[in-house]
1. Picking from 43, 118, 94, which residue would you name as being closer than 28 Å to residue 238 by Cα, of a type in the set (S, T, N, Q) and surrounded by 18 or more Cβ atoms within 10 Å (Cβ to Cβ)?
2. Restrict the check to the stretch 268-280 and report whether at least one residue is over 18 Å from residue 417 (Cα atoms) and at pLDDT 95 or above.
3. List pairs: first in the stretch 31-51 and at pLDDT 95 or above and in a loop (DSSP other than H, G, I, E, B), second surrounded by fewer than 24 Cβ atoms within 10 Å (Cβ to Cβ) and of a type in the set (A, V, I, L, M), Cβ under 8 Å, 6+ apart or cross-chain?
4. Any residue that is in a helix (DSSP H, G or I) and within 18 Å of residue 180 (Cα to Cα) - is there at least one of those in the stretch 55-77?
5. So which residues in the stretch 7-49 are farther than 22 Å from residue 212 by Cα and either polar (S, T, N, Q) or not assigned by TED's automatic domain parsing to the domain that holds residue 216 (or both), if there are any at all?
6. What's the total number of residues in the stretch 312-332 that are touching a Phe, Trp or Tyr at 6+ places or on another chain (Cβ under 9 Å) and surrounded by fewer than 16 Cβ atoms within 10 Å (Cβ to Cβ)?
7. One residue is enough: does the stretch 221-232 have a residue meeting the conditions under 23 Å from residue 387 (Cβ atoms) and assigned to a strand (DSSP E or B)?
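The values are calculated or read from the model by the stated rules, or taken from the named source; none is laboratory data. In this text the structure is predicted, and so the values were computed from the model without any measurement. Cβ sites come from the backbone with ideal geometry, for glycine too, and all protein chains shown count toward neighbours.
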Amino acid sequence: MTEVVEYSQLVIGGELVAPAGGEVIEVVSPHSEEVIGRVPHASRADVDRAVAVARRAFDSGPWPRMPLEERLAVCGRIKDGIAARAEETARCISSENGSPYSWSILAQAYGPMMIWDSAIATARGFAFEEHRAGVLNPLLVRRAPVGVVAAVIPWNVPQFVAAAKLAPALIAGCAVVLKPSPETPLDSYILAEICRDAGLPQGVLSILPADREVSEYLVAHPGIDKISFTGSVPAGKRIMEVAARNLTRITLELGGKSAALLLPDADLDAAVDGLMGSAYMNNGQACVAQTRILVARSRYQETAERLAAAVDALVVGDPLAEATQVGPLVARRQQQRSLDYIRIGQEEGAKVLAGGGVPADRPTGWYVEPTLLGGVDNRMRVAREEIFGPVVCLIGYEDEADAVRIANDSDYGLSGSVWCSDVEHGIDVARQVRTGTYSVNTFGLDFNGPFGGFKNSGIGREFGPEGLTGFLEYQTVHLPQGYQAPEKAPEQAPAPEGEGEGV
């Protein structure tokens, strides 16, 4: 008998409260296809309540007016709480979305902990106020919290993305309404408990699981000052349209179709090993996945054989089994999407070099074999559209200039990598590829550096000081001639401009 986790209340302002309506979200295991959880489905009335509570917390509450170190102390306790409940969180998310536990414990649990840690360190070295010499008068340039934030997160790495938004927003002094995906709402209740136990003041954080309709109502709400969204390109474009009505600030982290470029002198052993992790991570359900592998035609056959053998060797199975490297996709629609693209690729002329269907030993669950498509032309749909499943394209190129051209021939620009014998030459290649992050002989995502995309991959950046800046507004204060700033300014972030003022 499958244990069903049930929550009957919503988290509004940090408190558990009865939902306004009676609609329920059922969470279904992608492995067993059985219901494993139920939570309330937030309604528009719940959004109104949460935004009103957040406005009071920001406009007149203590959180944005606390000295920075006091806020950082609370955030430090949140980080410690995440660390203490890492295994519980990882198992919960793996049960919800099929993420292999071996990957989940790192990316779904310890990753968020490191994001909070990095954000705290960034804030301690950040200039929230600085004095500048003006053309006529001395200036004080302040960075004030942007206000009430709507943070909308996806189902693939829910706590990772929640941390990327919550940590800088809370450190800046904002209040947040967090909207988890209906596929993965259970782990958000763990986060709510952690934040409550850490001493986050009442009103600062609400968590509202809901569908797209309620999400649109949230981001269109006139009480929201900033939207931070991670998800698909169509949803991001719609959010831009809705946000324009209120001139709401936005950060959008969207999709990718990233290219891994193997130069002819690459160490093939290292490249193949690295690509198994970066191409098929999280069952291929990762925006930064290296889903186009570019190989010189002179080494194409050799590379194709090595990659196909490595893909065939990946362990597919129960996401909670420690040996599993590829688990089920989050929902039946995602399974069908991957299978459809495999079929489309073959119709366009691509060949299945590994995988290509549903594992024979997995009749239950939304599994797709890790798949490698060879003979792919970059004009094919499988090379241009984000599949968001364990389907990777192998594309041949003539020379390095052709490889760079193919890498850049995409509507996306989120990630990428180059594998070569000379790191300095790899850096030169990186300078030619239009993506927000790039790796040389590795694959990385560092929380001290800005993360985000070019082109359709998004607007704005997360992580590092750039990510913190996304939750701040600039204010210039003109000072009288002759004014001399005190030698040591108080070490705290600036409070909002007014108390009790509305939006």
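1. The conditions single out 43.
2. Checked the stretch 268-280: no residue is over 18 Å from residue 417 (Cα atoms) and at pLDDT 95 or above.
3. Here the result reads 31/320; 34/28; 41/24; 41/25; 41/214; 42/214; 43/20; 43/214, each pair linking the stretch 31-51 to a residue that is surrounded by fewer than 24 Cβ atoms within 10 Å (Cβ to Cβ) and of a type in the set (A, V, I, L, M).
4. no
5. Within the stretch 7-49, 32 is the sole residue that qualifies.
6. Qualifying residue count, the stretch 312-332: 3.
7. Yes; the residues of the stretch 221-232 include at least one that is under 23 Å from residue 387 (Cβ atoms) and assigned to a strand (DSSP E or B).
Let's see how each residue does on (1) assigned to a helix (DSSP H, G or I); (2) touching a residue at least 60 places away in the same chain (Cβ under 8 Å); (3) among the acidic types (Asp, Glu):
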{"residue": "135", "(1), (2), (3)": "no, no, no"}
{"residue": "156", "(1), (2), (3)": "no, yes, no"}
{"residue": "184", "(1), (2), (3)": "no, yes, no"}
{"residue": "187", "(1), (2), (3)": "yes, yes, yes"}
{"residue": "196", "(1), (2), (3)": "yes, yes, no"}
{"residue": "202", "(1), (2), (3)": "no, yes, no"}
{"residue": "206", "(1), (2), (3)": "no, yes, no"}
{"residue": "238", "(1), (2), (3)": "yes, no, no"}
